1. What 222 nm value per residue comes from the helices of chain B, counting each DSSP H run with n ≥ 4 as -39,500 (n - 2.57) and dividing by all residues, nearest 500 deg cm²/dmol?
2. With an 8 Å Cα cut-off and a minimum separation of 6 or more residues, compute the relative contact order for chain A in percent.
3. Could you grab the relative contact order for segment A:660-773? Cα pairs under 8 Å, six or more apart, rounded to a whole percent.
4. Taking the alpha-carbon centroid of each part, what is the distance from segment A:735-769 to segment A:53-122 in angstrom?
5. Working from the pairwise distances between different alpha carbons, so that the mean of 1/r is found and then inverted, what is the protein assembly as shown's Kirkwood radius in Å?
6. If all Cα-Cα distances of segment A:130-238 are sorted into 5 Å bins from 0 onward, what percent lands in each bin, rounded to whole numbers?
7. I want to verify the translational diffusion coefficient of segment A:236-371 in µm²/s; compute it with Stokes-Einstein, Rh as the Kirkwood radius over Cα pairs, at 25 °C and 0.890 mPa s.
8. Per residue, how many Å² of accessible area does segment A:517-642 show with a 1.4 Å probe?
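The values are calculated or read from the model by the stated rules, or taken from the named source; none is laboratory data. Here the structure is a predicted model, which is why all the values come from computation and not from measurement. A quick note on method: Cβ atoms are made from the backbone with ideal geometry, for glycine too, and the neighbour counts reach across all protein chains shown. Surface accessibility is based on the protein's heavy atoms, side chains included, excluding ligands, DNA and RNA. Shrake-Rupley method; radii C 1.70, N 1.55, O 1.52, S 1.80 Å.
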Amino acid sequence: MYTSLTNRRSFIKKMAAAAAMTAAATMFPGIVFAKEQEAGIPSGNLDWKKGPCRFCGVGCGILVGVENGKAVAVKGDPNSSVNKGLLCVKGYHQTMCIQAKDRLEHALVKKNGTYVKTPLNEALDLVASKMKETIEKHGKDSVAMYTSGQSTIPEGYVASKLMKGAIGTNNLDCNARLCMASAVAGFLTTFGADEPMGCYEDFDYADYYVTWGNNMAEMHPVLFSRMLEQKNKRGSKIIDFATRTSRSSAASDKSILFEPQTDLAVGNAICYEIIKNGWVNKTFVEKHCNLSKGLTNMGYGLEDNYSFTDKPEKINFEEYKAFLEDYTPEKVAKISRVSVKDIKYLASIFGDPNKKVMSLWCMGVNQHTRGTWMNNIIYNIHLLTGKISQPGNGPFSLTGQPSACGTAREVGTFTHKLPKGVVMNPEHRELAAKIWKVPVERIPAKPTYHTTEMFRAVDRGDIKFIWTQVVNPLVSLPRTSRFRPGMEKDSCFVVVSDVFPTPTTDVADVILPASWHIEKSGLYGNSERRTQHWDKMIEGPGETTPDAWMTIQVAKRMGYGDLFPYSEENHVEEIYNEYRQFHEGKKHGMAPLEVLKKESGVIWPYVDGKSTQWRFNAKFDPACSNGEDFHFYGKPDGKAVIWQRPYEPAAESPDEEYPFWLNTGRVIEHWHTGSMTRRISVLHKAMPHSYVEFHPKDAKALGIRNGEKVKVSSRRGSCVLPASINERGLPTQGQVFVPFFDENMLINDVTLDAFCPISKEPDFKKCAVKIEKA
Amino acid sequence: MPIISYLAHPQDGKKESLINEISQLSNCEVIPAENKDLLIVVTDTNNKEEDEQLKEKIEALDSLKLLAMVSGFDTPKNN
Ligand code: SF4
């Protein structure tokens, strides 16, 4: 194809600017370059189409400039209240991955060990017949689907309808189990209703932002820039509470480091101080809270088929107070390495009745073998002080994926979930059966496999067919050293829908070519309960097809056509309208599609044409009906629960043989397993491979130099990476940190498949490793 | 035909003057950060000599504290 010199030069200039922006973003947390969007945009008649960003749970609004059927530019949507026209480096460059040369454009079927290009219809015939045959031979619980917090709402909905409503198995789970399950369990145990009560407008009012194990400058960059703006404008303060000094720590007013797992103890010490100093909002607690305790010493789920059910028991305030005696700042300082002064300082922030405080957290709290407890403890702090459900005052659980809320949690693509409620509840099953038009007996009342157990079942040979969509488990699961050989076994037929080849497509029997984000219409739901719709913007290459449509096609081939009467043209609209029925009412009403098409996202509950920004507060939430200022209507008695949750050690701690903690996470340049961002050259060049971060004292003791190859090993596996000393981040002494985006350096071969017994979310942040020169 | 991008750090309180001064130089584009004292500068010149001269001109500006090169492309004329 002929490319004019001017076009080529302007492209190179854009690349050069992009490289500088990426470099700037890694040096200055929260930096934004709004003008670059305008400067780099080609002249001509661009058609700007709105949608949400593909990459993270912040859910920034984007405008994609389309010219002659091609996406040629991306800019922030100025009408989106999320990002007000700004984007981070990933956001700006997102559409560049479409140009990758190794895009999966056609179905591939493995025949005699090699992949053969196959017409999509034939591949879908094969998928449907394999699924049917497996059910006939081994029963409906021998087939499974594993989807994603990056699936669109319609994609999640039809997957749930196929598995639970049509086939009649609860063998459906998603990768949000790896990131948000503890948040969900935290919300349900404390409030009986999932998702944050507040919204991003809270940033504009809060005096303090306390971030719990959360590197927002890299993981939620646009929200971090909103915090920095308020810091400059109003003097709001950012307090970083973490196990590693990160870009966020550098930009914070105070950075407090703690020993891994001891956040539980520090949280309880804050509650102790709040009570001791008389900072409890007594009226609030008396009117709106109950107190409970649950089982302790739950274990860590390390053995196959592990199961646990909590047994809540009511307690009174005096009992809770007595329990907290074990968590005086003096006692906690000893195990947490946080000074007594810092613990008291943290408590005093929450204790000051004149200060508005937001708590913010994501993976540090959720990917934790006591993740549900840790979520509960943060809520305890806000409930004791009554700092909740008010503008600028509240706990705010942030989401990682762009539709972990909208799809995984609201549609409910977890084994125990239905689009409204849970499979265990007969009323919820009745409602699903009615809307899906299936006999209620078909929906099983018992959850089956959560993610870790699902892949263990594949390894054991219990699951004989699995279909994954929008997900790359062989990079993202904990302990891939067990699950990769498991997926390679002949006992399981593996179908993988994806946009690019990954280590997961490498083990597939059938690879289905999925449409990318803007090549299909869809809806996502972000961290602040905002549902965002977009229309298909461009055509995808070859036979690429939306995942929802491929699921529908397989359902039809399996004989469930009457349950999936959607049209190819309008299936997104038809599915959303059907799905909306599940959430009707003041507590979760979703905006009609016509409204979503016009607006840059709408927050639910959407009641009488208006979004509810602060739930459970009678001033803002029309669902409150108890005549009081607050009403936690998720619980039958309208009261939230303060949970007595102790500190318990991690599943595996450093010892003589494996003397270091291993913490894993992300970097700003890459989205999750890197399958998209590593194909965006400017992001790939900025961060071409993973690395292992050391504290300089540890590196010195081991005689390791910067850049030197190092082997990180655990009892499960090992991984070789270059050392990074005092560069991007700085772990505490005795700890190493590795980003997980790099499929050539699979750190999840090393991690441990221990999980929170309540939420079943694995802990990717703590296991024991040893370090050797490679 | 070199195309180079830089991060330009202004002297305290001199961000606006640095933007103005660099914008007036030919073969230079400036992209200021919204919320930090930092500019991206992209230069597009005909040859290495011109590129050197332009760099010297930028470095001579009083409002500039530090100029750090990030990426460089040298495209052949007829490509
Ligand atoms: S902050 Fe998240 S949603 Fe916003 S542009 Fe960046 S990756 Fe996209």
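1. One gets -8500 deg cm²/dmol as the mean residue ellipticity at 222 nm.
2. On the way: 1788 pairs, mean separation 155.6, N = 774.
Relative contact order comes out at 20 percent.
3. On the way: 231 pairs, mean separation 43.4, N = 114.
Once divided by the residue count of segment A:660-773, the mean separation gives 38 percent.
4. 28
5. This gives a value of 27.7 Å.
6. The calculated distribution, bin by bin, is 2, 9, 13, 15, 15, 12, 9, 8, 6, 5, 3, 2, 1, 0.
7. On the way: Rh = 16.8 Å.
Roughly 146 µm²/s, to the nearest whole number.
8. Each residue of segment A:517-642 exposes 39 Å² on average to a 1.4 Å probe.
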